[in-house]
Amino acid sequence: MKRIRFDGRAKLVLSLILNLASRAPGALSLVVLLPMIQKGLGNADYATLLALMSLGALLSLPQGGANTIVRRRIGRAHATGDERAEANALADALVTKGLFAFGACAIAVAYIFYRGMPTELVILPAVGVVSALAATFDNARAAYNEHYWTATLQIIFQTLAVGVALLVPATRTNIVLASLCLQLHMPLASLATGFQMIRARPYLLRGRSEEIATTIKDGLLLSISDGLLLAVLNSSVVLMEATARAEFAAWYGTLVRFFQTLLAPVLLVVLPVASFVALKWANWETRRRQFMMRAIRLGALGYGLLAALALYVLDVAFIRPTMSFEFRIEPVYAIPLYVQFGAIIGYRAFSSIYFVIYRGPRLAWRVSIAALVAIGFGALVQMFATPLAALASVAICLTLTLALANMISIEKLMHDPTASPAAG
């Protein structure tokens, strides 16, 4: 039987369609499963569930930069037909992320013991850490503009997870089983796509990790910039569970989960687009590069604004009434949270393409400083005000500093779009 082959544009379109389709089961799990789990566990255990899942995401942030690097290196090597460089890039990413994952799991164990939680709850953050490690294969596959395989597998595993959760009542009353239903499909899909990728390209098994130090250095720079933004949110979920009342912590954790769901589609769209642009970038003239960067900037801004509005509608019309959260939040506190979520989504949409094309150390450092300033300002406010006021203060500060950092970098890029090209 003759194997069907797709050209670059067909792969891009197929990846875009299937990536968006892969979010349907995840959206269903949020809309259907989260309210059921919240009612089955109660606000206290439900807040703990979300906090430990956020802890796993927080501890996985150092791995994020290696994802961009593996896409960039494999994409460049594949474009020149250098199979050895492809294999070495994958090996470097796996070893680097493996080291980070080991340290993250150790920190998760320490946190569980420090809080006096049951030992089995270590599984909750550990699944998130392992999922981030397995995502190396997703990003390597995306470098070949073949992310449609990952998207297809995610649809299958997510659908199975939702089915199990609906059919097995224990998944809604046991915190560990609930966590597995919400998280386990991701590493399973990533491992399956990795198996398929290596089966099609066995030469990837012959890679040697020769640039671990460089991967760690460059990866940490990217992780610090993009990662600190998400660290602000994930750490705030963990802190709210530890310091705020259960109902408020449960509401905020749910809002962040919905934010992550709105962030996922834009990243899934951007991932194949970034791989496609990276493969074509060297052959494009300056005018076409400028046009592409303007289109990316406008698209990111538009989606960020729509995401902020969508979060507001979801919170008011679905989250609070469905989950019976009865406390009232003044608009002066709530609106900055929605705008902050939109600003982060817009930035991530832009940076996911920008960092595949350029090293961009100055943008990375500007965004890192913006996040650190916001964290420091929020910590200062929390000493004198309520947790909600501190969250709103962080949101306002982060949105303003992030906007300033982006404006400076984008303006410089538009005047010299070929500056600082990414090296392999």
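The values are calculated or read from the model by the stated rules, or taken from the named source; none is laboratory data. Values in this document were obtained by computation on a predicted structure and should not be read as measured data. As a convention, Cβ positions derive from the backbone with ideal geometry for all residues, glycine included, and neighbour counts pool all protein chains shown.
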task = Please find, among Ala242, Ala246, Ala189, the residue that is farther than 24 Å from Val367 by Cβ, among the small types (Gly, Ala, Ser) and under 23 Å from the mean Cα position of the chain (by Cα).
result = Ala189
request  = Please find, within the stretch 356-408, the residue that is modelled with the highest pLDDT out of those that are hydroxyl-bearing (Ser, Thr, Tyr) and over 22 Å from Ala308 (Cβ atoms).
outcome  = Thr386
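Would it be correct to say that Ala77 is touching a residue at least 24 places away in the same chain (Cβ under 8 Å), closer than 17 Å to Gly253 by Cβ and surrounded by fewer than 24 Cβ atoms within 10 Å (Cβ to Cβ)?
For Ala77, the condition - touching a residue at least 24 places away in the same chain (Cβ under 8 Å), closer than 17 Å to Gly253 by Cβ and surrounded by fewer than 24 Cβ atoms within 10 Å (Cβ to Cβ) - is not met.
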Boolean, Ala249 is among the aliphatic types (A, V, I, L, M), buried (at least 18 other Cβ atoms within 10 Å of the Cβ), on the phi < 0 side of the Ramachandran plot and at pLDDT 75 or above = yes
Residue that is under 30 Å from Thr171 (Cβ atoms), of a type in the set (D, E, K, R) and surrounded by fewer than 24 Cβ atoms within 10 Å (Cβ to Cβ), where the choices are Asp82, Asp45 = Asp45
task = Any chance you could count how many residues in the stretch 122-152 are under 13 Å from Pro187 (Cα atoms), modelled with pLDDT of 85 or more and β-branched (Val, Ile, Thr)?
result = 4
ask   = If Ala66 passes every condition in (1) under 30 Å from Met240 (Cα atoms); (2) modelled with pLDDT under 85; (3) surrounded by fewer than 18 Cβ atoms within 10 Å (Cβ to Cβ) but one, which one does it miss?
value = (3)
key: Residue count for the stretch 9-19, restricted to those that are exposed (fewer than 15 other Cβ atoms within 10 Å of the Cβ) and either under 23 Å from the mean Cα position of the chain (by Cα) or modelled with pLDDT of 90 or more (or both)   = 2
request  = Kindly list, by first and then second residue, each pair from a residue in the stretch 366-383 that is more than 14 Å from Leu229 (Cα to Cα) to a residue that is among the β-branched types (Val, Ile, Thr) and crowded, with 16+ Cβ neighbours inside 10 Å, limited to pairs with Cβ atoms under 7 Å and residues at least 6 apart or on different chains.
outcome  = Phe377/Val394
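One line per residue, one yes/no per condition, for (1) part of a helix (DSSP H, G or I); (2) within 22 Å of Ala140 (Cα to Cα); (3) of a type outside the set (A, V, I, L, M):
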{"residue": "Arg72", "(1), (2), (3)": "yes, yes, yes"}
{"residue": "Gly75", "(1), (2), (3)": "yes, yes, yes"}
{"residue": "Asn88", "(1), (2), (3)": "yes, yes, yes"}
{"residue": "Ala93", "(1), (2), (3)": "yes, yes, no"}
{"residue": "Gly98", "(1), (2), (3)": "yes, yes, yes"}
{"residue": "Ile107", "(1), (2), (3)": "yes, no, no"}
{"residue": "Val122", "(1), (2), (3)": "yes, no, no"}
query = Can you tell me which residues in the stretch 165-189 are buried (at least 20 other Cβ atoms within 10 Å of the Cβ), among the aliphatic types (A, V, I, L, M), at pLDDT below 90 and within 21 Å of Gly42 (Cα to Cα)?
reply = Ala165, Leu182
ask   = Is it true that Thr193 is modelled with pLDDT under 85 and over 20 Å from Pro125 (Cβ atoms)?
value = no
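Sort through Ala192, Ala132 and tell me the only one that's assigned to a helix (DSSP H, G or I) and surrounded by 22 or more Cβ atoms within 10 Å (Cβ to Cβ).
None of the other options fit; the residue is Ala132.
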note = Subset of the stretch 140-164, residues surrounded by 22 or more Cβ atoms within 10 Å (Cβ to Cβ) and closer than 25 Å to Leu52 by Cβ, comes to Gln154, Gln158, Ala161
ask   = Among the residues of the stretch 100-118, is any among the aromatic types (Phe, Trp, Tyr) and touching a residue at least 24 places away in the same chain (Cβ under 8 Å)?
value = yes
ask   = Taking interchain pairs and intrachain pairs at least six residues apart, which have beta carbon atoms under 6 angstrom, with the first residue in the stretch 241-258 and under 14 Å from Pro387 (Cα atoms) and the second assigned to a helix (DSSP H, G or I) and of a type in the set (D, E, K, R)?
value = Ala249/Glu241
note = Going through the stretch 100-117 in order, the residues found to be under 17 Å from Ala134 (Cβ atoms) and surrounded by 14 or more Cβ atoms within 10 Å (Cβ to Cβ) are Phe100, Ala101, Ala104, Cys105, Ala108
query = What single numbered condition from (1) in contact with a helix residue (DSSP H, G or I) (Cβ under 6 Å, 6 or more places away or on another chain); (2) surrounded by fewer than 23 Cβ atoms within 10 Å (Cβ to Cβ); (3) of a type in the set (Asp, Glu) fails to hold for Asp92?
reply = (2)
